[in-house]
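The values are calculated or read from the model by the stated rules, or taken from the named source; none is laboratory data. In this text, all values refer to a predicted model and were calculated from it rather than measured experimentally. With ideal geometry, Cβ positions are generated from the backbone for all residues, glycine too; neighbour counts draw on all protein chains shown.
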């Protein structure tokens, strides 16, 4: 979805030709995987989606002005006009790579915050901005102006044939119809990239699926949507429902959702691309020659424009990426299930857990996924999205276990060993996994802190909307301090004085 498209609507003829081209691309990709040389330097990367707020910490639809001030190609638009995205360049994890990542993110975000202020905006790094309201969804200017966003919105609504239903039951209940995919823009994530060879890809993807539950339990930071207290990681369900192309009848028939965990372990990266073509109609059926993307790549790899564009509209929590550009083509797992925030230090700690644990699990002689039903991994993921560090999950050899106990006794030590195998400096291993150990022991991830803060402020007499604004003001200040979230003190009544930027 990073590529622009030329049209907002598509004819039946375009869709027919696109389907034929997808099948051709798939056949070409199958053959290319067998014969080609792929880059394999074990690099990592990161994309970070951000929210823009005004002086009252409400969303502000100013991403064009903010990006004009930032004037850095590492920052790009997102679908919501109150969102921007930071793309950190790929780097090696060995040695002090994780510290380099942390320092780079902090430097970029600090400079972006200064420049955004010139456009009358602040930057908040959170999974769902707590101050979002229904009024924003109805604002005709909610969407960034690029054609690909309008085309996506049109295609989802056309496929669905009716307004988008959001129906989420958590601590509180939320149910309403949206007239666009605007709720999707609320979901701001961190996307971790892991480059692997074709041979290593299946184990890396399977391992990523296995740990999805514990990952999201540790990192949950999206407990509030449309002023309702819902799941600890409400973003998981909001995103799934907001961009669902299925009317109720198709859901009842078992048609697969566009936001998809998957349904089986894989033996090749080809399995995932083949499923995309088999199960999902095209949302943006624009051919390479229509988009100006035709022709060979510099590496000599096939562009596979249609297959890659289609892959960008199937929202797997662990998405396969084929990148033909550069000196050599490469494959990577794009881990998409984590929310943004609360701090850069917390974000890099979450990344360290993922990279270290995947390294350990994918090299196991008896893989965990050979002893776990795929459905169990999915159930773990959903339970942890709902309940965070208070969830119970299943793990082979242990059975049903509180996820915080599993993390402390097994997964965090395994992640540490995986990082050491990757050549990560001992100081980095201790810095980032130390943050996660303390977070697990305290039980305070971003979601828990936010929920507790709102309850305290409401008990002190504030309305829900006032409490959310005051909490977000305090969250923003602590986010910029880079103090890890497990150390954040409870919000006091005085936090209500911080309802505006000063």
Task: Candidate set: the range 478-494, residues that are in contact with a helix residue (DSSP H, G or I) (Cβ under 7 Å, 6 or more places away or on another chain) and either surrounded by fewer than 22 Cβ atoms within 10 Å (Cβ to Cβ) or modelled with pLDDT of 95 or more (or both); chosen: the one farthest from residue 60 (Cα to Cα) - done: 486
Open item on the list: Go through (1) surrounded by 21 or more Cβ atoms within 10 Å (Cβ to Cβ); (2) closer than 30 Å to residue 418 by Cβ for residue 203 and report which single condition fails.
Closed with: (1)
- [ ] Enumerate the pairs (first residue in the range 10-21 and on the phi < 0 side of the Ramachandran plot and without any contact (Cβ under 8 Å) to a residue 60 or more places away in the chain; second residue anywhere and surrounded by 11 or more Cβ atoms within 10 Å (Cβ to Cβ) and part of a helix (DSSP H, G or I)) with beta-carbon separation below 7 Å, excluding pairs fewer than 6 apart on the same chain, so at least 6 apart or on different chains.
- [x] none
Open item on the list: Can you tell me which condition residue 10 does not meet? The list is (1) under 28 Å from residue 199 (Cβ atoms); (2) part of a loop (DSSP other than H, G, I, E, B), and all the others hold.
Closed with: (1)
- [ ] Select the helices (runs of 4 or more DSSP H) contained entirely in the range 370-477, then report the ones holding at least 3 residues which are closer than 28 Å to residue 132 by Cα, within 21 Å of the chain's Cα centre (by Cα) and modelled with pLDDT of 95 or more.
- [x] 374-387, 446-459
TODO: Considering only the range 167-228, give the helices (runs of 4 or more DSSP H) lying wholly within it that have at least 1 residues that are in contact (Cβ under 8 Å) with a residue 40 or more places away in the chain and farther than 23 Å from residue 156 by Cα.
DONE: 201-210, 212-219
- [ ] Identify, by number, the condition in (1) more than 16 Å from the chain's Cα centre (by Cα); (2) farther than 17 Å from residue 334 by Cα that residue 218 doesn't meet.
- [x] (1)
- [ ] For residue 58, state whether it is surrounded by fewer than 18 Cβ atoms within 10 Å (Cβ to Cβ), closer than 30 Å to residue 133 by Cα and modelled with pLDDT of 95 or more.
- [x] no
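Okay, residues lined up against (1) assigned to a helix (DSSP H, G or I); (2) crowded, with 23+ Cβ neighbours inside 10 Å; (3) touching a residue at least 24 places away in the same chain (Cβ under 8 Å):
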{"position": "84", "(1), (2), (3)": "no, yes, yes"}
{"position": "91", "(1), (2), (3)": "no, no, yes"}
{"position": "104", "(1), (2), (3)": "yes, no, no"}
{"position": "117", "(1), (2), (3)": "yes, no, no"}
{"position": "120", "(1), (2), (3)": "no, no, yes"}
{"position": "127", "(1), (2), (3)": "no, yes, yes"}
Task: the range 137-153, subset buried (at least 18 other Cβ atoms within 10 Å of the Cβ) and out of contact with any strand residue (DSSP E or B) (no Cβ under 9 Å at 6 or more places or on another chain), residue nearest to residue 227 (Cα to Cα) - done: 152
Task: So residue 383, is it closer than 30 Å to residue 239 by Cα and touching a strand residue (DSSP E or B) at 6+ places or on another chain (Cβ under 8 Å) - done: yes
Open item on the list: I want to confirm something. Restricting to the range 395-424 and keeping residues that are in contact with a helix residue (DSSP H, G or I) (Cβ under 8 Å, 6 or more places away or on another chain) and over 22 Å from residue 380 (Cβ atoms), which single residue is surrounded by the fewest Cβ atoms within 10 Å (Cβ to Cβ)?
Closed with: 421
Open item on the list: If the requirement is being modelled with pLDDT of 95 or more and out of contact with any helix residue (DSSP H, G or I) (no Cβ under 7 Å at 6 or more places or on another chain), which of these qualifies: 325, 336, 264, 251?
Closed with: 336
